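**Student:** This is the structure I want to talk about, given as structure tokens.
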Amino acid sequence: MTPKKIAVLGGGNGAHTMAAEFTLKGHTVNMYEMPQFKSGMKKVFETKTIKLQGNIPELQGPVELNMVTDDIAAAVEGCHYICIVAPAFAHSGYAKLLKGHLHKDQIVVTFPGAFSALVLKNAFGDDPDCPVFADANNLPYDARLVEKGSDTVNVFGRNPINIAFLPAEKGPALIDEMREDLFPFEKIYTDVLECGLAIVNPDWHAGPVLFNISRIESPQVNFFLYEHGWTPSACRLNIAMDKERKAIGEVLGYNLRPMEDFAGRPEDYEWTWQDLYKEGHGSIGLTPICGPNDIGSRYLTEDIPFGLVPWAAIAEILGVPMPLTNGFIDIINVVHERDWRKEGRSAEDLGIAGLNKEQLLKYVQTGAK
């Protein structure tokens, strides 16, 4: 591996861990946080040091970064990779920040993507200096800062991750070096549409959240998504909504199986509610998870606008009916007193409004409409 210069953008658990790990791998790492949020990283801004602890032997101890800054131009200058490690609602903000500061030989990877590559490409438009964009389907770590504003991260484990490129045709020439430099990406998706449609959470969380809104809102209940919410009816809804998502994949030529992959199921497996029920009960990784305990949780404010809304938008372009998914969005719009179709990731945000199936597939393969 040839050491690279890398910018890690974001100030959360994953960004701290990634910046430290890339430094330990021998890369030169700049970490960036937006000025309005830098107070949450006060210690790291002062010392340029992140302390890792936890269950992974190679991710331990204090790690000094090359730079910690709130100047985006300084952060990305000369960097081979720019890694955005931030919630989906921040992606459009990063698109605006990065435009004018990047060149075509750089690679921007978002963890996790949720169609971020399309949002970024839409912001850059036909800029001849437009870099290659890539979406990962997950965060690489299970990690938590020990407290807000801390410089210490507990790293509990690693997550397998896959990746997609925009333009997709650039991926084969880049993936081997990226696996060496960054992470051992297990799979390259056909394109960023497949990657965005393969995110597990929106349909995995849907049934338990919708059928338990009253319990989630109740101040008398400490709600556990899996122990309390993972009911037979909730599992049936998850499976039915997942079939709607898979129908989009069939039209586009993808074999979508995100819930099956997450649960380690074999090819050609078909869920029963009984088997899905078992996934949420008696799982050391899932059953103890507490929450959500308010309707402003990311289980709703991320999964709907950045998962279900773009899925429904793509389905509309393709003429694929999604009555359950659209009904779910309608109900949560009432619950939140917001219009997530307007506030979420629309076809216009993705730069695909007005395209037909053939134009859409050409765009994600070549980057040209």
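**Student:** Is it true that Ala75 is surrounded by 14 or more Cβ atoms within 10 Å (Cβ to Cβ), at pLDDT below 95 and under 25 Å from Phe115 (Cα atoms)?
**Tutor:** The answer is no for Ala75.
**Student:** Which strands (runs of 3 or more DSSP E) does the stretch 66-155 wholly contain that include 3 or more residues that are β-branched (Val, Ile, Thr)?
**Tutor:** 81-85, 107-111
**Student:** Select the helices (runs of 4 or more DSSP H) contained entirely in the stretch 167-277, then report the ones holding at least 2 residues which are under 20 Å from the mean Cα position of the chain (by Cα), at pLDDT below 95 and surrounded by 15 or more Cβ atoms within 10 Å (Cβ to Cβ).
**Tutor:** 201-210, 258-262
**Student:** With respect to Thr325, determine if the residue is touching a residue at least 60 places away in the same chain (Cβ under 8 Å), surrounded by fewer than 21 Cβ atoms within 10 Å (Cβ to Cβ) and on the phi < 0 side of the Ramachandran plot.
**Tutor:** For Thr325, the condition - touching a residue at least 60 places away in the same chain (Cβ under 8 Å), surrounded by fewer than 21 Cβ atoms within 10 Å (Cβ to Cβ) and on the phi < 0 side of the Ramachandran plot - is not met.
Okay, residues lined up against (1) touching a residue at least 24 places away in the same chain (Cβ under 8 Å); (2) in contact with a Pro (Cβ under 8 Å, 6 or more places away or on another chain):
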position	(1), (2)
Val209	yes, yes
Ala240	yes, no
Lys243	no, no
Ile248	yes, no
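**Student:** Failed condition for Asn66, given (1) modelled with pLDDT of 95 or more; (2) on the phi > 0 side of the Ramachandran plot, with all others met?
**Tutor:** Unmet condition: (2).
**Student:** Regarding the stretch 141-157, can at least one residue be identified that is within 25 Å of Thr2 (Cα to Cα), surrounded by 15 or more Cβ atoms within 10 Å (Cβ to Cβ) and at pLDDT below 95?
**Tutor:** Within the stretch 141-157 (the criterion being within 25 Å of Thr2 (Cα to Cα), surrounded by 15 or more Cβ atoms within 10 Å (Cβ to Cβ) and at pLDDT below 95), the answer is yes, since at least one residue qualifies.
**Student:** Is it the case that Ile289 is assigned to a loop (DSSP other than H, G, I, E, B), hydrophobic (A, V, I, L, M, F, W, C) and exposed (fewer than 13 other Cβ atoms within 10 Å of the Cβ)?
**Tutor:** No: the conditions fail for Ile289.
**Student:** Moving on to the next point. Of the conditions (1) within 26 Å of Arg257 (Cβ to Cβ); (2) free of Cβ contacts under 8 Å to residues at least 24 places away in the same chain; (3) assigned to a helix (DSSP H, G or I), Leu361 fails just one. Which one is it?
**Tutor:** Leu361 satisfies all of (1) within 26 Å of Arg257 (Cβ to Cβ); (2) free of Cβ contacts under 8 Å to residues at least 24 places away in the same chain; (3) assigned to a helix (DSSP H, G or I) except (2).
**Student:** Identify the residue in the stretch 48-61 that is touching a Leu at 6+ places or on another chain (Cβ under 8 Å) and part of a strand (DSSP E or B) and, among all such residues, is farthest from Tyr32 (Cα to Cα).
**Tutor:** Gly61
**Student:** For the stretch 1-41, give me each residue that is polar (S, T, N, Q), more than 19 Å from the chain's Cα centre (by Cα) and under 23 Å from Asn159 (Cβ atoms).
**Tutor:** Correct list: Thr23 only.
**Student:** To continue, here is another question. Please count how many residues of the stretch 93-111 are under 16 Å from Val132 (Cβ atoms) and surrounded by 15 or more Cβ atoms within 10 Å (Cβ to Cβ).
**Tutor:** Here the count works out to 12.
**Student:** Here are some residues: Thr366, Thr301. Which one is crowded, with 20+ Cβ neighbours inside 10 Å and either within 21 Å of the chain's Cα centre (by Cα) or not small (Gly, Ala, Ser) (or both)?
**Tutor:** Unique residue meeting the criteria: Thr301.
**Student:** Also, quick follow-up: If you go through the stretch 136-194, how many residues are within 29 Å of Leu361 (Cβ to Cβ) and among the hydroxyl-bearing types (Ser, Thr, Tyr)?
**Tutor:** Number of matching residues: 2.
The values are calculated or read from the model by the stated rules, or taken from the named source; none is laboratory data. Nothing here was measured: the structure is a model prediction, and the numbers come from that model. Please note: Cβ atoms are built from the backbone with ideal geometry, for glycine as well, and neighbour counts cover all protein chains shown.
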